[in-house]
Amino acid sequence: MKLSITLFTCFLMFLVFACSDVDESKSDLTPTQPNPNGDSELALLMREMFDDGMRMKQQLESGDKLEVLAKFEKIHTATATEPEKAASKKFKMYADAYLNMIEQLKVSSPEDTEVLYQGLVKSCMNCHQALCPGPMVRIKKLYLKK
Ligand code: HEC
């Protein structure tokens, strides 16, 4: 009994670390660096996605034309801290929903852009709510304030 509690605690710790909002000081690692204790390809990609979200938010807030970059298709192939998570059906479904939002945003008419942008942030949140709640506090900052 005691052993299983210990194991369970370790498991929880692992989850928390794998999905926690790690501080930026580690972000100088390159994506190709095979560092089992460091940042996974997926984690680095996610940080880029976050930064790109901030960039889009600023464009919208200052009334500039929104530039949508399509460079995050790697979400389907980047290796994750917990590979079984990224291999799950759920992950694939949420990843497709996210990529689909990007596509819609690219072709959106100006009057739909803000609604679609909020939808994009929501698509980040949906996957995180289901698979990786740690970074949600941070992702929320991408929403436009209404
Ligand atoms: C399909 C599911 C999914 C979608 C969609 C998704 N994420 Fe993630 N995200 C994850 C998973 C899983 C991790 C954990 C990655 C790892 O540790 O390998 C993660 C990690 C992160 C992290 C923490 C990275 C770090 O420093 O360790 C941030 C920040 C993040 N995501 C932001 C975003 C933003 C912003 C979006 C939308 C633009 C987004 N995510 C969309 C699944 C998703």
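The values are calculated or read from the model by the stated rules, or taken from the named source; none is laboratory data. From a predicted model like this one, the values you see are computed outputs, not experimental measurements. Glycine gets a Cβ as well: all are built from the backbone with ideal geometry, and neighbour counts include every protein chain shown.
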*asked:* Among the residues of region 109-129, what is the count of those that are of a type in the set (Gly, Ala, Ser), modelled with pLDDT of 95 or more and more than 20 Å from Arg47 (Cβ to Cβ)?
replied: 1
*asked:* Can you say whether Ala95 is closer than 16 Å to Met46 by Cβ, without any contact (Cβ under 8 Å) to a residue 60 or more places away in the chain, of a type outside the set (Ser, Thr, Tyr) and in a loop (DSSP other than H, G, I, E, B), as far as the supplied structure shows?
replied: no
*Residues in region 44-66 that are outside any helix (DSSP H, G or I) and either within 14 Å of the chain's Cα centre (by Cα) or farther than 12 Å from Tyr117 by Cβ (or both): how many?*
4
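Output the number of residues of region 98-146 satisfying the condition of being part of a loop (DSSP other than H, G, I, E, B) and either surrounded by 18 or more Cβ atoms within 10 Å (Cβ to Cβ) or hydroxyl-bearing (Ser, Thr, Tyr) (or both). Give the derivation first.
The first filter runs over region 98-146 and keeps only residues part of a loop (DSSP other than H, G, I, E, B), leaving 107-109, 132-135, 143-146.
Those left that are additionally either surrounded by 18 or more Cβ atoms within 10 Å (Cβ to Cβ) or hydroxyl-bearing (Ser, Thr, Tyr) (or both): 108-109, 132, 135, 143.
Count: 5.
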*For Lys90, all conditions in the list (1) within 9 Å of the ligand (Cβ to nearest atom); (2) touching a residue at least 40 places away in the same chain (Cβ under 8 Å); (3) buried (at least 17 other Cβ atoms within 10 Å of the Cβ) hold save one; what is the number of the exception?*
(3)
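The rows are residues; the columns are (1) of a type in the set (Ser, Thr, Tyr); (2) in contact with a helix residue (DSSP H, G or I) (Cβ under 6 Å, 6 or more places away or on another chain).
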{"position": "Tyr94", "(1), (2)": "yes, yes"}
{"position": "Asp112", "(1), (2)": "no, no"}
{"position": "Cys127", "(1), (2)": "no, yes"}
{"position": "Lys140", "(1), (2)": "no, no"}
*Test: residue in region 54-67 that is modelled with pLDDT of 95 or more, within 10 Å of the ligand (Cβ to nearest atom) and either among the β-branched types (Val, Ile, Thr) or surrounded by 13 or more Cβ atoms within 10 Å (Cβ to Cβ) (or both)*: yes
